[in-house]
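For reference, the structure discussed in these notes is given below.
Bear in mind that the values in this text are calculations on the coordinates, not laboratory data. Since the model is a prediction, treat every value here as computed from it, not as a measurement. Cβ placement follows ideal geometry from the backbone for every residue including glycine, while neighbour counts extend to all protein chains displayed.
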Amino acid sequence: MSAAEAARLPNQQPDDDKVLPFAVEPLDVRGRVVRLGAALDKAIENHNYPPQVSRALSEAITLAVLLGSTLKDAGRLILQTQTDGPIDFMVVDIVAPEKVRAYARFNRKRLADAGKATTGQLLGNGHLAMTVETGTEAQRYQGIVALSGGSLEDAAHTYFQNSEQIPTRVRISVGEEMLAGEKMHWRAGGLLVQFLPPESSRAAQSDIDPGDAPQGTAKHEVKEDDAWLEAKALVETVEDHELLDSSLSSERLLWRLFNERGVRVFDALPVQANCSCSRDRVFDMLKSFTPEDRADMVKDGKIVVTCEFCGRVYPFEPGEVESKV
C-alpha cells in the first residue's frame, strides 16, 4: 500500500451504534471510540426507567461496550454493580462481537429524594465486578473494584491499574436528544485510550496508597512516560458534546485529537441491543424448579415470567409445564 493510499481524510458519515478501534503509533497508544443511539434506546426502553436510572445504566452500557468490544466471537463480558445507593444493582451483559443487554434495580422513593445526584452518588458504596469469559471452554476471570461515590470512569481507571496494570483513560458522556417530530431519545459516546509500549517498563505505574502505611512513609511514585502524558492530555480535551454529537463522526473526532501525530483506524464493529431470552429457555428454567415452587408461581391461573433484561413476558399454563417435566 502506498503512502497516498494509506492516508486519507476522515470519514464524515454518522456512525451511531458502532465501535471504532484505532491506534496512534507514535504515542504507542491504542483505543476505541463508541457512539450509541438507537441500540441504547432499545436496550433500556421497555423498563420505563426514571431519567436518573436511564442515565446511569447508559453509562454502564457504554463502559461495558468499550471493554467488551475487544473480545473475540463467543466471548462474553458481564459488568455488574452491587451497592447501597438508590440504584443498588446494575448489570450489563455483552456477547461478542455485538450483542448487548442490560438491567437496573432501584428504589423509587430514595431516587426521588436524591434529586440531581451524580451517578456515583446514586450508586453509593459497594463494588463493581467485571467478569470475562473467553474461549470455547468458557475460561473465566473476574476483576472487582470498590465503589464509594465516584464515577464509573474513575472505577474503570482503578480496575485497569489494579487488575490489568495498563495505563488507561476512559471518557463517557450520556445525554438526551430530540429527533424531529419524535420523543426524547438517549444517546451516549465513549472513548478508551491505553498506553501499550513495546518496552513494558515504560508503562510502569505508581502503586496505589495502601492506606495503612506508617506515618512518614514515602509514597511509591513512578515518572510517567512523556508519550503517555501527551496522550492523556489530549484525551482530557474531549468535551461531552463532542462524544454525543451525532453529526461528528468518530473518525473526525479522532482526527481532531491526534492529527498532528497521525491516527490509524480499523474496521468498525456494530453494536445492537439483543436479548438471548426465548420461550424455550424460560421453559427449561421453569422445569428446574420443584413442583411446589412452580405451584407458588401460579397467579390468576397462569405462570407468568418477565425477562428482566428486555421486558418480554412469557405466560405458561401450569399443566403445560408439569406434563413435560
Over the alpha-carbon set of the chain, work out the extent along each principal axis and list the three values in angstrom, largest first.
-> 68, 58, 46
Computed ³J(HN,Hα) along the stretch 119-125: with the Karplus parameters 6.51/-1.76/1.60, θ = phi - 60°, integer Hz and x for glycine or proline, the list is 4, x, 5, 6, 6, x, 9
Work out from phi, with θ = phi - 60° and the Karplus expression 6.51 cos²θ - 1.76 cosθ + 1.60, the ³J(HN,Hα) of each residue of the stretch 22-27, listed in order in whole Hz, and give x for Gly and Pro.
-> 8, 9, 10, 5, x, 9
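What is the calculated FRET efficiency for L229 to I166, with r their C-beta to C-beta distance and R₀ = 22 Å, to the nearest 0.05?
Numbers: r = 16 Å, r/R0 = 0.71.
For L229 and I166, the calculated efficiency is 0.90.
When ranked by the protection proxy of mean other Cβ atoms within 10 Å per residue, highest first, what sequence do the peptides 40-52, 279-291 form?
Values: 40-52: 18.1, 279-291: 12.6.
Packing proxy ranking, top to bottom: 40-52, 279-291.
Multiplying the sequence separation of T306 and T131 by 0.36 nm and subtracting their Cα-Cα distance, what value in nm do you get? Intermediate values should be presented prior to the final figure.
Numbers: separation 175, 0.36 × 175 = 63.00 nm, distance 2.47 nm.
This chain segment gains 60.5 nm when fully extended.
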Want the number for N46 to S278: 0.36 nm per residue separation, take away the alpha-carbon distance, what's left?
-> 81.9 nm
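Percent relative contact order of the chain, based on C-alpha pairs within less than 8 angstrom and at least six residues apart? Please report the intermediate quantities before stating the final value.
Details: 606 pairs, mean separation 76.1, N = 325.
Relative contact order here is 23 percent.
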Please go through the residue pairs K42/K287; K18/K183; K42/K99; K99/K183 and name each one whose alpha carbons sit more than 21 Å apart in this structure.
-> K42/K287; K18/K183; K99/K183
Quick one: work out Rg over Rh on the C-alpha atoms of the stretch 279-322, Rh as Kirkwood radius.
-> 0.93
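To the nearest 20 debye, what is the magnitude of the charge dipole of the chain about its Cα centre, counting +1 on the Cβ of each Lys and Arg and -1 on the Cβ of each Asp and Glu? Don't skip to the end; give the middle numbers.
Numbers: 37 positive and 50 negative charges, 117 e Å.
Dipole about the Cα centre, nearest 20: 560 debye.
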What does the charge add up to near E182, with Lys and Arg as +1, Asp and Glu as -1, over the other residues with Cβ less than 12 Å from its Cβ?
-> -2
Residue-ordered couplings for the stretch 276-289, obtained by feeding phi - 60° into the Karplus form 6.51 cos²θ - 1.76 cosθ + 1.60 and rounding to whole Hz (Gly and Pro as x), are 8, 5, 7, 4, 5, 5, 5, 4, 4, 5, 4, 5, 6, 7
Positive-end residue of A38, L66, A204, charge dipole of the chain with Cβ unit charges = A38
Beta bridges by DSSP in the chain, antiparallel share as percent, to the nearest 5 = 95 percent
Computed FRET value (nearest 0.05) for D293 with E199, which takes r as the C-beta separation and R₀ as 45 Å | 0.20
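List the trypsin sites (Lys or Arg not before Pro) within the stretch 6-36 that fall in a DSSP loop (any state other than H, G, I, E or B) and whose Cβ has at most 10 other Cβ atoms within 10 Å.
Details: sites: R8, K18, R30, R32, R35; in loops: R8.
Passing both the DSSP loop test and the Cβ count: R8.
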